[in-house]
1. Which pairs have Cβ atoms under 8 Å, sit 6 or more apart or on different chains, and link a residue in the range 37-48 that is modelled with pLDDT under 80 to one that is part of a helix (DSSP H, G or I) and of a type outside the set (D, E, K, R)?
2. Residues being within 27 Å of Glu228 (Cα to Cα) and surrounded by fewer than 21 Cβ atoms within 10 Å (Cβ to Cβ): count how many of those fall in the range 199-213.
3. Give the residue that is farthest from Ile276 (Cα to Cα), with candidates limited to residues of the range 199-247 that are among the hydroxyl-bearing types (Ser, Thr, Tyr) and in contact with a strand residue (DSSP E or B) (Cβ under 8 Å, 6 or more places away or on another chain).
4. What number of residues within the range 104-158 are at pLDDT below 80, of a type outside the set (Asp, Glu) and not in a helix (DSSP H, G or I)?
5. Considering only residues of the range 161-176 that are in contact (Cβ under 8 Å) with a residue 24 or more places away in the chain and more than 30 Å from Ala130 (Cβ to Cβ), which is nearest to the chain's Cα centre (by Cα)?
6. Among the residues of the range 233-260, how many are closer than 15 Å to Arg206 by Cβ and surrounded by fewer than 13 Cβ atoms within 10 Å (Cβ to Cβ)?
7. How many residues does the range 166-181 hold that are part of a loop (DSSP other than H, G, I, E, B) and not small (Gly, Ala, Ser)?
Amino acid sequence: MADDARPIIIKRIKKVSGGAHGGAWKVAYADFVTAMMAFFMLLWLLNATSKEQKEGLAEYFTPTTASTSSSSGSDGILGGVSLNSDGAQASAITVSIPATEEVAPKESDEEETVSEEEKFAAMVAKKEQAYFEQMSEEIKVAIQDSPELSKLQDQILLDITEDGMRIQLVDKDNRAMFRSGSAELYNYAEKMIRTVAAIVVKMPNRISITGHTDAAPFTSRKNYSNWELSADRANATRRVLTAANVSVNRVAEVLGKASTEPLLPDRPMRAENRRITILLLRESPSLPADFM
């Protein structure tokens, strides 16, 4: 009966699953996310940068020269090998990254030369313009100061164009520069050309001389038209200029244009269309000796 009263002991073993794993998977997942982020940033950089920027990035991340320290007797370093706190060996590596500095782009010699040439050309054009204006005033004063020519001052037109300084001697009703149908100048017209020559001689510019007629057909001579007449009148003007000490080498061209370029296009028969144009051409060199 005593044996029947012994207590019965039941042992239960509690099993805990997954205890050995802990949170290691979180670390692995974080590394994976970081790697993917770096990968997508790399793809974005490759797509968003230019060729020159890619080359700069490649140069920046290119491995530089690494030197291994081999000095003995240094603190914690034995024969180029350092010891960490646990006594493990760790190589002592010194990495040198060359410093880079931005250098402002320098203009090429050609660009600098072009810039200087443009500045010089602008300066010359400005001074030439001022000299043309001065000459125009001198011609006006010379005509006004002459008792004989002052009454003809409305027959000389002065203006400055893109081609140069233009002097036009035009006919008026009952006051022609040339005798009718010929290239013979009236005395007052020749004196006006000589007065112009006294001012023009101060400049070295080459000269273009052009003769113009009105639209009335020339029928006084056989095989002779307004073309021949306008050219002959331009040549007569050239002879007066050269006789007044304007160098013959300065005459660039002598033209006869008949009635093709009327002064008054809407009134081609008007006397003002009969004229002589003396043009001082803009060209280099075109400055007098005392210009600068």
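1. Filtered contacts from the range 37-48: Leu45/Leu57.
2. Of the residues in the range 199-213, 2 are within 27 Å of Glu228 (Cα to Cα) and surrounded by fewer than 21 Cβ atoms within 10 Å (Cβ to Cβ).
3. Thr242
4. So the answer is 4.
5. The residue in question is Asp171.
6. 3
7. Count: 5.
To keep it simple, each residue is scored yes or no on (1) at pLDDT 95 or above; (2) in contact with a Ser or Thr (Cβ under 6 Å, 6 or more places away or on another chain).
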| position | (1), (2) |
| --- | --- |
| Lys202 | no, no |
| Ile207 | yes, no |
| Thr213 | yes, yes |
| Ala216 | no, no |
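The values are calculated or read from the model by the stated rules, or taken from the named source; none is laboratory data. Note that this is a predicted model, so its numbers are computed, not measured. FYI the Cβ positions are ideal-geometry reconstructions off the backbone, even for glycines, and counts take in every protein chain you see.
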